[in-house]
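Every number here is computed from the coordinates shown, using simple stated rules; none is lab data. Given the structure is predicted, the values throughout are model-derived calculations rather than measurements. A quick note on method: Cβ atoms are made from the backbone with ideal geometry, for glycine too, and the neighbour counts reach across all protein chains shown.
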């Protein structure tokens, strides 16, 4: 039966580490030559002078926890946790099985053409952790310099928490590609729909770059899409100098798409989302780093931007509520928005009897109520009247991100000049509501009106749609794009408005 490593066993592991180091002690001279640390396929020798300490004293010093060398999850054998293929997929459900994956890939099986899927959230803190201030058991990444991961790893919208990597050494320009992260190296493979939480720290005592350090993937020559890292990634040279070259919060060396990095510790290195090209990526690290810096409202801003650029297999994001980082929608959840056809509409609609604008719903059917209103499901749905008893709307086939539009008869009339004449080249606007709809179309980039003409058919009084009713509820005008935008994008004769 598979058992997780208990907290008590941490002390056992620490004691065993000390015993092994003590038993392998030969002479002070041997230690003076240095202790070799093998990191992901590269021999990175750390010189540890002993000086004039006697062998017995050295043994005692090395046996003490604060002096013991660091270990890694890769030092253990995880064969007992082998995952069997199930309907063409390797399903990971425990930390030990993820460690088995690392052992298997680093042993030569690159999983090319295979799919690995995370079936639930897992916590690595029982496997990799700081024993004390000077001793650590670090996570051994999936894939190393000689054995990259080439398969498909789908996080399934789950989170790997408790990632812990802490390495200190002396690496030269020929040995400083360290391949550290949950994944060390990905080549022609994919990592997607995954959140990782934890700490990755690599510090080089030499004044040489520490390279290929990331929270999710150290070196990416494949695809990292729709992922996030919450925690701290530190990459330093000369002990104290941040090293931004080929390092990042999500990906070290390589690209990342539709991903985010939230740094939780200001003492960690200032890094962007990745070391190379960041496509639609966001972070909270102030400065000129890869990805877009979000100064405030990180979660809501990132969720909106990420969901606007989802690809076919991407799982949508949501505001995590109490957490300060984006999270994935659960399997039965949808992100639903109720949106008026006109931004200036006075119409009010209720969802399941309550006021609602944007949020998470877990039901397949919702009920809309609103007197004299109609609704449309999505951009292409048919407009349907909401009856006196309300309207039951099925979301079953609507996807994971759903928008329901609603409108009054007045709203419909204000949009007819465009909605019923889209194929034409000339449009006529006759009242304030129609002009407001023009502004909405342009500012939401629904229609640029390039090569088209909008004619003002009457004098227009804007007070019905923009006024200072009172200090709290006053409505401001929303310009229909800037002058330069109109002139360059619309190229139109907008009579009486320009």
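Here are some notes:
- Expressed as a fraction of 2.2 N^0.38 Å, the C-alpha radius of gyration for segment 70-327 is 0.92.
- Estimated FRET transfer efficiency (residue 358, residue 120; beta-carbon r; R0 25 Å; 0.05): 0.35
- Look at 128, 227, 281 and count the other Cβ atoms within 10 Å of each Cβ; fewest to most, that gives 128, 227, 281.
- Relative exposure of 350, 101, judged by other C-beta atoms within 10 Å (fewest first): 350, 101
- Sorted by Cβ density within 10 Å, fewest first, the residues 416, 422: 422, 416
- Hypothetical label at residue 130: residues of segment 182-223 whose amide nitrogen lies under 13 Å (7 Å Cα-Cβ projection): 199-202
- Cα gyration tensor, segment 338-445 - rounded (a/c under 1.5), prolate or oblate: prolate
- In this label model, residue 279 and residue 146 are separated by 3.4 nm, measuring between points 7 Å along each Cα→Cβ vector.
- Label-to-label distance for residue 93 and residue 385 is 5.3 nm, based on points extended 7 Å past Cα in the beta-carbon direction.
- Convex hull of segment 171-215 built on C-alpha atoms - directionally averaged projected area, nm²: 3.7 nm²
- Calculated from the alpha-carbon coordinates, segment 214-256 shows an Rg and a Dmax of 10.7, 34 Å respectively.
- Segment 343-406-segment 95-129 distance, computed between alpha-carbon centres (Å): 43 Å
- Both the radius of gyration and Dmax for segment 183-315 are 13.6, 45 Å, in that order, over alpha-carbon atoms.
- Size descriptors for segment 248-369 (Cα atoms only): Rg and Dmax, in that order, 17.3, 52 Å.
- Per-pair calculated FRET efficiency, R0 = 30 Å: residue 322 and residue 461 via Cβ, rounded to 0.05: 0.05
- Residues of segment 198-219 with amide N under 11 Å of a point placed 7 Å along Cα→Cβ from residue 173: 208-209
- Between residue 425 and residue 445, the distance separating the two model label sites (each 7 Å from Cα on the Cα→Cβ line) works out to 2.7 nm.
- Segment 235-293 - Debye-derived log10 I(q)/I(0), Cα point model, q = 0.16, 0.17, 0.28 Å⁻¹: -0.40, -0.45, -1.13
- Here the Debye sum runs over all C-alpha atoms of segment 312-382 as equal scatterers in vacuum, and log10 of I(q)/I(0) at q = 0.22, 0.27 Å⁻¹ comes out as -1.12, -1.34.
- Beta bridges from DSSP with both residues in segment 70-327: antiparallel share about 10 percent, rounded to the nearest 5.
- Taken over segment 123-225, the convex hull of the Cα atoms encloses 92 Å³ per residue.
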